[in-house]
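Scroll down for the structure; my scribbles are underneath it.
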Amino acid sequence: MPRSTTTLSEVKEQIWLHSISAAFTGLCILIGAAILFYFMQFWLSGDMLLTARIVMGIAMVAGAGICGVAVYNGALTSKIQSVTFTCPYCDNAIRFPEPPTDDFDCEFCSRTVHFKDGKPVPVQTVICRACRTEHRVATSVQRFVCDNCNRPLLLPWADREDVAIEDAAMDALLQNYDVLLVAYDRRRESELAFKIQNLLVVNMNEARRLISTVSTQTPLIVGYDLPQRKAEAIRRQLQELGATATMRPTQMVAGQRSR
Ligand SMILES: [Zn+2]
Ligand SMILES: [Zn+2]
């Protein structure tokens with residue numbers, strides 16, 4: 001992406017670099033001419049010496065002049081007119097020689113401030129649904145990954161399909177499940193009771209009593225509000241004991257309850 005917009009500090013830096021190299025050149029000419037001016041008397045005499053000294057004298061003046069102009073230009077940078085632009089991401093004031101009309105990187109937070117048709121693109125605050133971190137995102141951006149949890153942010157203005165798919169995947173990721181015991185093998189009741197005892201943290205008698213109430217109409221909730229993997233693991237363990245278990249999304253239950 002082209003960065004045609006230069007900030008005031010960049011402009012100042014360029015002027016300073018230029019001034020310093022010019023001042024150095026001037027200084028070299030001045031010193032060189034002064035040395036020659038002095039040693040000239042050992043090599044030349046009469047008119048030759050006079051002429052050479054006049055030339056060296058002019059060179060010294062010129063060197064001093066270049067040096068002076070460079071220092072003056074450098075000093076002028078503090079008087080350059082500037083406009084202030086507040087970074088939409090970090091709220092720091094950035095100074096420009098003239099109002100910015102094109103993309104540039106903030107010198108404080110290094111993020112790119114976007115422009116469209118010469119105007120800054122509005123920035124909105126988007127909260128990550130997974131970790132609740134707040135992000136300021138330009139509304140021209142179609143994809144933004146949360147730097148805290150690495151999940152894609154749901155951008156209200158983005159309607160791209162892959163964003164929607166990622167969003168659905170995120171829903172699945174965040175969805176918790178209940179595990180329901182609906183039937184069991186009576187021959188393996190003791191093993192199952194032992195498992196239920198551990199899952200529900202009840203004593204053996206209570207576990208046996210709970211199992212005896214199980215039917216498809218009155219399932220026993222053996223896991224509540226669990227991440228998908230955990231819920232699947234419990235269901236598998238129950239199936240290995242000859243029982244039938246199902247999973248249902250926890251939020252649906254909350255919906256049913258409120259009805
Ligand atoms: Zn910034
Ligand atoms: Zn996040």
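Work out which helices of the chain, taken as complete DSSP H runs, extend at least 15 Å along their axis over the Cα atoms and score a mean Kyte-Doolittle of 0.5 or more, then list them.
The qualifying helices are 8-43, 46-76, 161-174.
For a Förster distance of 45 Å, can you work out the FRET efficiency between the beta-carbons of Thr244 and Thr139, rounded to the nearest 0.05?
Working: r = 51 Å, r/R0 = 1.12.
So the FRET efficiency works out to roughly 0.35.
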Along the Cα→Cβ direction, 7 angstrom out, place labels at Ser212 and Gln14. What is the inter-label distance in nm?
8.9 nm
Charge sum, other residues only, whose C-beta stays under 13 Å from Glu189's C-beta, Lys/Arg counted +1 and Asp/Glu -1
+4
Reachable lysines from Lys12, Cα under 17 Å, same-chain residues fewer than 8 places away excluded?
Lys79
When Leu153, Leu226 are ranked with the fewest other C-beta atoms within 10 Å first, the list becomes Leu226, Leu153
Output the Kirkwood hydrodynamic radius of the chain, Cα pairs only, in Å rounded to one decimal.
26.5 Å
Evaluate 2.2 N^0.38 Å with N set to the residue count of the stretch 72-152, then give the Cα radius of gyration divided by it.
1.37
Set of lysines near Lys230 by C-alpha distance (under 26 Å), chain-local residues within fewer than 8 positions excluded:
Lys195
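Can you classify the stretch 8-79 as rounded, prolate or oblate using the Cα gyration tensor, where a ≥ b ≥ c are the square roots of its eigenvalues, rounded means a/c under 1.5, and otherwise it's prolate if a/b beats b/c and oblate if not? Don't jump to the answer; show the numbers that get you there.
On the way: a/c = 5.95, a/b = 3.77, b/c = 1.58.
Prolate.
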Projected label distance in nm at Leu44 and Asn198, using a 7 Å step from Cα toward the beta-carbon
10.5 nm
With r as the distance between the Cβ atoms of Ile221 and Cys131 and R0 = 22 Å, compute the FRET efficiency 1/(1 + (r/R0)^6) and round to 0.05.
0.15
Calculated FRET value between Asp105 and Ile80, using beta carbons and R₀ = 22 Å, to 0.05:
0.60
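Read-outs throughout are calculated quantities, based only on the coordinates presented, and are distinct from any laboratory measurement. Keep in mind the model is a prediction, meaning the values are calculated, not measured. Because the Cβ atoms are built from the backbone with ideal geometry, glycine has one as well, and the counts that use them run over all protein chains shown.
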